[in-house]
Amino acid sequence: MKGKFLMVLALGIGVSILSLPMLAHHGNAAYDTGKSITLKGTVTQWFWANPHCVLQLDVTDDHGQVVPWTAETENPSSMIHYGWTKQSLKPGDQITVTVLPVKNGKPIGRIVEVVLSNGQKLPGRVLAPLDSSKQEDYPKQ
């Protein structure tokens, strides 16, 4: 009886220790939530997958160099509620995307909003809302 209790206790402690990094994964700690960047670029890939949808796009910087950017958002089932679909973005689409940049300066961000070439706005979900992203700017689904 005492052996089973110790085994269950050890297993519980092990699972708790291993699950702590998973909780940290869902925070905004890597992003500069006080700053947003608006980028104009060409979609190269749109991954509609769990655990996060990921947008890859090529952006031409101020020096004329093409910089590949990666921006993430929520999982597909959450994004459907914001008006997104698997077909929302296609390679070659010209878009404007506003992101929360990562703190280390790499070309990575969290999607605040995407504006398609036809003017349609698709909101991202940021855990710390920015004043510039108001829910009333988007149509009810």
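Worth a mention:
- Annotation: of all residues in region 108-126 being touching a residue at least 24 places away in the same chain (Cβ under 8 Å), outside any strand (DSSP E or B) and open to solvent by less than 50 Å² (accessible area, probe 1.4 Å), the one that is farthest from Ala49 (Cα to Cα) is Val126.
- Members of region 42-68 that are under 24 Å from Ser78 (Cα atoms) and out of contact with any strand residue (DSSP E or B) (no Cβ under 8 Å at 6 or more places or on another chain): Trp48, Ala49, Asn50, Pro51
- Inter-residue pairs, beta-carbon under 7 Å, first in contact (Cβ under 8 Å) with a residue 24 or more places away in the chain and in region 59-80, second of a type in the set (Ser, Thr, Tyr) and assigned to a loop (DSSP other than H, G, I, E, B), 6+ apart: Met79/Thr73
- Here Glu74 qualifies as more than 19 Å from Ile37 (Cβ to Cβ) and either among the basic types (Lys, Arg) or surrounded by 20 or more Cβ atoms within 10 Å (Cβ to Cβ) (or both).
- Any hit, region 22-35, residues being surrounded by 14 or more Cβ atoms within 10 Å (Cβ to Cβ) and modelled with pLDDT of 90 or more: no
- Within region 53-75, being at negative phi and among the small types (Gly, Ala, Ser) holds for one residue alone: Ala71.
Condition check ((1) modelled with pLDDT of 95 or more; (2) in a strand (DSSP E or B); (3) within 11 Å of the chain's Cα centre (by Cα); (4) of a type in the set (D, E, K, R)) across all residues:
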| residue | (1), (2), (3), (4) |
| --- | --- |
| Lys40 | yes, yes, no, yes |
| Pro51 | no, no, yes, no |
| Leu55 | yes, yes, yes, no |
| Val59 | yes, yes, no, no |
| Val67 | yes, yes, no, no |
| Ala71 | yes, yes, yes, no |
| Leu89 | yes, no, no, no |
| Ile95 | yes, yes, no, no |
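The values are calculated or read from the model by the stated rules, or taken from the named source; none is laboratory data. Fair warning: this is a prediction, and the values are worked out from it, not measured in the lab. For neighbour counting, all protein chains shown are included, and Cβ atoms are generated from backbone atoms with ideal geometry for every residue, glycine included. Protein only, heavy atoms only, side chains kept; ligands, DNA and RNA dropped before computing areas. Shrake-Rupley method; radii C 1.70, N 1.55, O 1.52, S 1.80 Å.
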